[in-house]
Structures are given as structure tokens and as C-alpha cells.
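What follows is a single structure, written as C-alpha cells, with notes after it.
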Amino acid sequence: MKPNLSTPNPPTWCPGCPNFMILEAVKKALSNLINQKIIKHKNIVITTKHKNIVITTDIGCNSKIFDYLNVSGIYGLHGRAIPTALGIKLGNPNLQVLSFNGDGGAYAEGISHFIHALRYNADMTIIVHDNRVFSLTTGQATPTSEQGYKPKSEPLGEKNEPLNPIKLALASGATFIARCNAKDIKHTSEILEKAVRHQGCSFVEILQDCLIFNKEVNNLDKNMYKIYNKDINQAVKLADQFNYNNTTSKIPIGIIYQTKKPTLEENWPQLRKKLK
Ligand SMILES: Cc1ncc(C[n+]2csc(CCOP(=O)(O)OP(=O)(O)O)c2C)c(N)n1
Ligand code: SF4
């Protein structure tokens with residue numbers, strides 16, 4: 001059975017934008033999870049045991065995914081897709097929540113939500129479309145833009161060193177950290193599937209080119225190689241390998257770290273009681 005995850009809304013992304021590929025990877029992952037009876041979809045007859053899926057989005061090019069994915073959810077505010085997802089989990093811990101963010105939303109305006117959601121370890125998935133620029137507002141620098149990046153708004157160039165979100169996630173106590181390449185749809189969908197299956201807060205950073213702004217960091221594909229790691233010491237080394245500034249260093253993609261810790265739902269008796 002193939003769930004209908006598409007909507008009739010015409011996409012407004014630039015032709016060829018890797019957001020199309022992320023959308024495809026998400027649909028593929030959700031289709032598989034629905035067919036494996038991990039989650040359910042309104043178009044398919046299911047038993048009540050399976051989790052209902054819900055999405056939250058931010059504001060930005062990335063968040064337009066809300067309009068093209070036939071799944072219930074909340075189209076949130078810039079930088080607030082993560083607390084919206086946490087709120088949903090507190091209201092109904094039985095929902096499978098996926099939160100879509102841009103790097104601007106997650107690592108700038110919403111940075112505190114990102115850190116604390118990873119600490120709280122609610123059973124949900126944070127996806128960041130990291131094109132290393134505020135795209136929808138025409139190209140201002142985000143925390144992952146490279147040093148020297150020169151948007152219209154910064155004629156002297158970006159002075160700050162980029163933030164390494166993988167290192168931040170490790171420092172925040174994340175239990176699942178992965179990085180993907182938007183252009184590798186098959187690999188991204190496999191990782192997304194594993195992220196949803198993970199019990200706890202999973203973080204998937206998807207490196208995504210923006211074809212219009214920040215063209216300098218496009219096409220780093222040749223530096224990428226696939227890994228699958230669960231060891232913390234190795235994870236620290238993998239996180240350090242790419243500092244978001246260097247265009248020649250190797251970039252590990254795949255699962256960088258995974259471990260098991262009690263989830264937010266398991267920690268709170270009020271939520272535990274509601275868990276089916
Ligand atoms: C609270 C708030 N601050 C700022 C904005 C303006 N704004 C809308 S989209 C956007 C940029 C989004 O960039 P990013 O999160 O990186 O997503 P992208 O467009 O690159 O996918 C900004 C700053 C807003 N809508 N709301
Ligand atoms: S501006 Fe960049 S991120 Fe936004 S739709 Fe166009 S190519 Fe995609």
C-alpha cells in the first residue's frame with residue numbers, strides 16, 4: 001500500500017532546489033514506516049496501536065515542506081518549531097513528532113530550544129535543512145555560514161567562526177546525531193527512518209545547497225563519506241572533522257552517535273501514565 005503523502009499545492013521552491021530532494025526522502029521514509037506499521041496515516045486503514053504522525057515547521061524555504069506533505073501539523077514561528085514539537089509531546093506523548101527547521105531557525109533564533117530539547121530527550125525528531133544561510137530573507141549569514149561569506153547585508157564579510165552543530169548536539173547530551181546530504185535521497189531516507197525509530201530525541205542535520213544564496217558552499221559532495229558510529233570517543237573525532245569553514249576537509253555523513261537514555265516521557269509520571 002502506498003500512502004498518499006502529496007498535496008495539490010504547487011511548489012514555490014526554486015527549480016532544482018535540494019528541498020525537493022529532502023521532501024522526497026521524507027516521503028520515502030514515512031511511506032516505509034507506515035507500511036512497517038510503526039506510524040499510521042489517515043489514508044490507510046490501521047489499528048489504533050500505531051502512532052499518529054504530526055509535524056511542526058519553522059518559517060523559511062525549508063518550512064514550505066508543510067504545504068507539500070499530506071500530514072497534520074503546526075506551521076509555527078521562526079525559531080519555534082522545536083518548542084511547538086515539545087508542547088505536542090507534553091499534550092500527547094503517543095504522537096510521533098517530526099520537527100522541520102532551517103539552520104537560521106534552529107541555530108540562531110531557536111538555539112536555546114535546540115539545546116534543551118536534546119537535553120530533555122523527548123521521543124521526537126529534529127530535522128535541520130542546513131543550507132548555511134537565511135534563504136527566504138535573501139541570504140543573510142547564519143551561525144553555520146563560513147567565515148568571509150559576503151551577503152548584501154554584510155559587505156565586509158562574516159567575521160565570526162561558524163558554529164559546529166554536531167559538537168553542540170554532543171555537548172547537549174543528544175542520544176541520536178546524524179548528518180545527511182540532501183542530494184542523496186536514498187541514504188537520507190534510510191537515516192530519517194532510523195531517526196524516527198530511535199527512542200529519544202533524534203537530530204538529523206541535512207546539508208543542503210542553496211542555489212541562489214551562499215553558492216560558495218555548494219557542492220561539497222566530493223568531500224562526503226558514509227559512516228555508522230555509536231562510540232562516543234569516535235563521535236567526538238567525527239564531529240571535529242568538518243568545522244563548517246574548510247571546503248577541503250572530509251565530511252562524515254550517516255549516524256555519528258547513538259545511545260540510550262531515559263526519555264522525557266519515561267521520566268515524568270504524568271506522561272508515563274498517558275503512554276500506551
Ligand atoms: C520571529 C521572526 N524573526 C524573523 C523572521 C524573518 N524570517 C523569515 S524566514 C527567515 C529566514 C529563514 O532562514 P532559515 O531558518 O535558515 O531557513 P531557510 O529559508 O534558509 O530554509 C527569517 C529571518 C520571522 N518570520 N519571524
Ligand atoms: S532560495 Fe535557496 S533554499 Fe530557497 S528555494 Fe531557492 S534554492 Fe532553495
Entirely in the range 32-128, the strands (runs of 3 or more DSSP E) that have 1 or more residues that are basic (Lys, Arg): 51-57
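Condition check ((1) within 13 Å of the chain's Cα centre (by Cα); (2) acidic (Asp, Glu); (3) surrounded by fewer than 23 Cβ atoms within 10 Å (Cβ to Cβ); (4) under 19 Å from Gly60 (Cβ atoms)) across all residues:
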| residue | (1), (2), (3), (4) |
| --- | --- |
| Val128 | yes, no, no, yes |
| Leu163 | no, no, yes, yes |
| Ala169 | yes, no, no, no |
| Cys180 | yes, no, no, yes |
| Ala195 | yes, no, no, no |
| His198 | no, no, yes, no |
| Leu211 | no, no, yes, yes |
| Glu216 | no, yes, yes, no |
Sole residue being assigned to a loop (DSSP other than H, G, I, E, B), of a type outside the set (A, V, I, L, M, F, W, C) and surrounded by 24 or more Cβ atoms within 10 Å (Cβ to Cβ), chosen from Thr142, Thr138: Thr142
Candidate set from the range 218-257 (those that are small (Gly, Ala, Ser) and more than 21 Å from Ser145 (Cβ to Cβ)); member that is surrounded by the most Cβ atoms within 10 Å (Cβ to Cβ): Ala235
Filter result for the condition that a residue is modelled with pLDDT of 95 or more and within 16 Å of ligand 2 (Cβ to nearest atom), over Ile115, Ile127: Ile127
Those residues of the range 1-31 which are out of contact with any Lys or Arg (no Cβ under 7 Å at 6 or more places or on another chain), within 16 Å of ligand 2 (Cβ to nearest atom) and among the hydrophobic types (A, V, I, L, M, F, W, C), in sequence order: Cys14, Cys17, Phe20, Ile22, Leu23, Ala25, Val26
Only one of Glu193, Glu205, Glu216 that is among the charged types (D, E, K, R), within 16 Å of ligand 1 (Cβ to nearest atom) and modelled with pLDDT of 95 or more: Glu205
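The values are calculated or read from the model by the stated rules, or taken from the named source; none is laboratory data. The structure displayed is predicted, hence computed values, not measured ones. FYI the Cβ positions are ideal-geometry reconstructions off the backbone, even for glycines, and counts take in every protein chain you see.
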